[in-house]
Amino acid sequence: MALTFCVANQKGGVGKTTTAVNLSSALSGLKQRVLLIDLDPQGNATTGSGVSKDSITETVYPLLFGQASFEKVVIHSEDAGYDILPANRELAGAEVELVQLEDRDERLKNILKEQNDNYDFVIIDCPPSLSMLTINALCSARGVIVPMQCEYFAMEGLTDLIGSVKRIQAAKNPDLTLIGLLRVMFDPRVTLQQQVSEQLKEYFGDKVFKTVIPRNVRLAEAPSYGLPGVLYDKSSKGAKAYQEFGAEFLKRMKKYKKQSKEK
Ligand code: ADP
Ligand code: MG
């Protein structure tokens, strides 16, 4: 049975897409069948997976509204190693249209139900807001992965996100769990980052992933070559860190896999 996770943080530029793409690629390197869903109209996860936004005819947008089948929309990225439901700027229109539908929160969940046997993991790259699209992701997911920079205001945004997770959990999706916080773009030379990192560990304990993703220019360069960072320069510090994160994540998932089998 597929386990679905969303990579969320309502701030922009905090490493959500980089995490979603590299986690997907690292997991597929570990022989997992992965579907990556680009749920951000910016379409960065699409491009970052080597799929040109201009070349696609169908996207996750018509899929959400029952106007295209899953099979028509899904693309296998040979380079990246996983399947992707691509997005482009059209998806921005989905917000307004979703509001008008009765089952607006659970459109994505219902689509994914039918793919349960086809994947081990579904990873959703969320837009930088707590919008209808993000709500669809949270309603579909077993858990949330939160990438964050260890900066002064990082904690503030986190409280809002955790509030939303709790609300969705109470109202719509009792299984939803905060899986973990991933420290990204980390620079150990910056004292403030070290301090915030320590605070995170004190406050969230085991929820903080052990792996730390360093700031690494190779990770930032990778999308322009249409490759996940873990494949673009395998020997770079950033690639190694995301590989390690993939392994840590998979280990953490054993418990959840077992639970979903018992259900
Ligand atoms: P989000 O999806 O949250 O908006 P992105 O993953 O797109 O964030 O990251 C924002 C920018 O930071 C991008 O230009 C990306 O390439 C860069 N970036 C992300 N993670 C790292 C990292 N660990 N080191 C260096 N640059 C990074
Ligand atoms: Mg993004």
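The residues neighbouring Pro41, those whose beta-carbon lies less than 14 Å from its own, together hold a net charge of -3 under the Lys/Arg +1, Asp/Glu -1 convention. Charge tally for Lys254 (other residues, Cβ to Cβ under 15 Å; Lys, Arg +1; Asp, Glu -1): +4. Calculated [222 nm] ellipticity per residue, helices only, for the chain: -13000 deg cm²/dmol; basis is -39500 (n - 2.57) per DSSP H run with n ≥ 4, divided by all residues, nearest 500. The distance between label points at Lys201 and Glu90 comes to 4.7 nm (points 7 Å beyond Cα on the Cα→Cβ vector).
Among Leu64, Leu23, Leu98, the largest mean-square fluctuation in a Gaussian network model of the chain (Cα springs under 10 Å) belongs to Leu98.
Counting only lysines at least 8 places from Lys72 when in the same chain, those with an alpha carbon closer than 24 Å to its own are Lys53, Lys109, Lys113. In terms of the mean number of neighbouring beta-carbon atoms within 10 Å, the peptides 232-243, 26-37, 105-116 order highest first as 26-37, 232-243, 105-116. Amide H contacts of Ile123: Phe5, Leu35, Leu36, Ile37, each under 5 Å away and 5 or more positions distant or on a separate chain (H built 1.01 Å from N in the peptide plane; Pro and chain starts excluded).
Among the helices of the chain, those built from whole DSSP H runs whose Cα atoms reach 18 Å or more along their own axis and whose mean Kyte-Doolittle hydropathy is at least -1.0 are 16-29, 154-171, 191-204. The Rg/Rh ratio for the stretch 129-197, using Cα coordinates for both the radius of gyration and the Kirkwood hydrodynamic radius, is 1.05.
Label zone of Asn118 (point 7 Å out along Cα→Cβ, amide N under 14 Å): in the stretch 129-148 this covers no residue at all.
Could you tell me the distance between the Cα centroids of the stretch 231-256 and the stretch 168-199, to the nearest Å? Answer, in whole Å: 17. For the pair Arg218 and Lys72, a Förster radius of 30 Å applied to the C-beta separation gives a FRET efficiency near 0.30, rounded to the nearest 0.05.
Summarising the label geometry, the points placed 7 Å from Cα in the beta-carbon direction at Gln259 and Ser129 lie 3.1 nm from one another. Taking label points 7 Å from Cα along the Cα-to-Cβ direction, Thr177 and Gln194 give a separation of 3.3 nm. The Cα atoms of the chain cover 51, 41, 37 Å along the three principal axes, with the biggest extent listed first.
Structure note, pairs Lys166/Lys201; Lys207/Lys255; Lys11/Lys255; Lys234/Lys257; Lys16/Lys166: Cα-Cα distances above 23 angstrom occur for Lys11/Lys255; Lys234/Lys257.
A short reminder: the numbers here are calculations on the coordinates, not readings from a lab. Not measured: the values here are computed from a predicted model. Don't worry about glycine lacking a Cβ; one is built from the backbone with ideal geometry, like all the others, and counts go over all protein chains shown.
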